[in-house]
Every structure is written in structure tokens, then in C-alpha cells.
Amino acid sequence: PALRDAGIMFRAKEMDVLGERQTVRDLDAITRALLHLADRTAWLTLLRGPWCGLDLADLWELCRVGHDRTIWELLQARVNQLSPRGQHVLARVLPALDEAIANRGRMPLRALVESLWISLGGPASLSGGERAAKLRDAETYLTLLEKIETCGEVDERRLEIEIANLHAQP
């Protein structure tokens, strides 16, 4: 970190764990939300992601009652109860989510996650001087999904272990 902060260029192997980077965490949330519609944490992370950015008041309105329903079900039922901004955001996001959910099990998981991420504007939301590195991180995560996927499913424990061992390219 000191070299990076000082602006000194360097190359190192297995130095940066990708699982700690926001791009990978966002893609992992998309993956978990698509694999398990009842994973509230993954769905709330997806809805707070840079491509959506629902504010906390809208998330509270969405989740304050209805603990026996999935976030996906609540999105369908309560979109009109959200703020005008929240409704505007969801008007753009819900069709992409709906298509991804309809395609679960019909296409490889990597393609499904990548397609949804692109449809939501994930690559466009990457900003800063390290945009190329963030895109490489995303590609590394998606390649990992492709490697460990079996028939559209992923062993979640294995995914956790693989992400923990995933490092940025030197």
C-alpha cells in the first residue's frame, strides 16, 4: 500500500486478494442473488450496487415488513411505494433482473452473471484511473465461475474458498 500511495509502479505476485475488491464483491453478490432468490443479503447488496444505488430509505420501505417473502417478490409488489428516484431506478433495473431470473438454468452461470452485470451497467459504473484493472478483476472472477460451475450451479463453499485464494494479476 505504501508503494501504491507513493505512486511507485511495482509488480508482485499473489499480493492483492481479489475477494477484497469491490468489483469482485459486487459480482459475487449478483451470483449469489441469482443462485438463491431468498438470499436477502445478496439481493440488498445488488440493489445498493453502483449500477442501481437504491438509498437506505427505499431499501427500508422495501423490507420493513414481509420477512416471509424474498426481496425479488417484494420488488414486484412494492415498487410503487418507493421514492420517485427509487421507482425510476427500478424501472431500468427490473427488466434486466427479470430476464436474468427467467434464464436461470438455461445458460451457463458465467454468461448469466456477466450478461446481467453488463445490462445493469456494471462496466460503465467502474470509474477512476484503475478502470482497466477493475475490468481485469471482473474477468478473473467470471473465469473462476466458469471453471467451478457444474450444470448452472456452484458449490458455495468452494466458491468462497476459491475467491479467498484469488489474487490480482501481477
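Structure summary
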{"item": "For Gly152: the one exception among (1) open to solvent by less than 20 Å² (accessible area, probe 1.4 Å); (2) in contact (Cβ under 8 Å) with a residue 60 or more places away in the chain", "result": "(2)"}
{"item": "In the stretch 108-146, the residues that are over 14 Å from Asp26 (Cβ atoms), in contact (Cβ under 8 Å) with a residue 12 or more places away in the chain and not hydroxyl-bearing (Ser, Thr, Tyr)", "result": "Pro108, Leu109, Arg110, Leu112, Ala133, Arg136, Leu144, Glu146"}
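The values are calculated or read from the model by the stated rules, or taken from the named source; none is laboratory data. Values in this document were obtained by computation on a predicted structure and should not be read as measured data. Please note: Cβ atoms are built from the backbone with ideal geometry, for glycine as well, and neighbour counts cover all protein chains shown. Accessible surface is based on the protein model in full, side chains and every heavy atom, while ligands, DNA and RNA are left aside. Shrake-Rupley method; radii C 1.70, N 1.55, O 1.52, S 1.80 Å.
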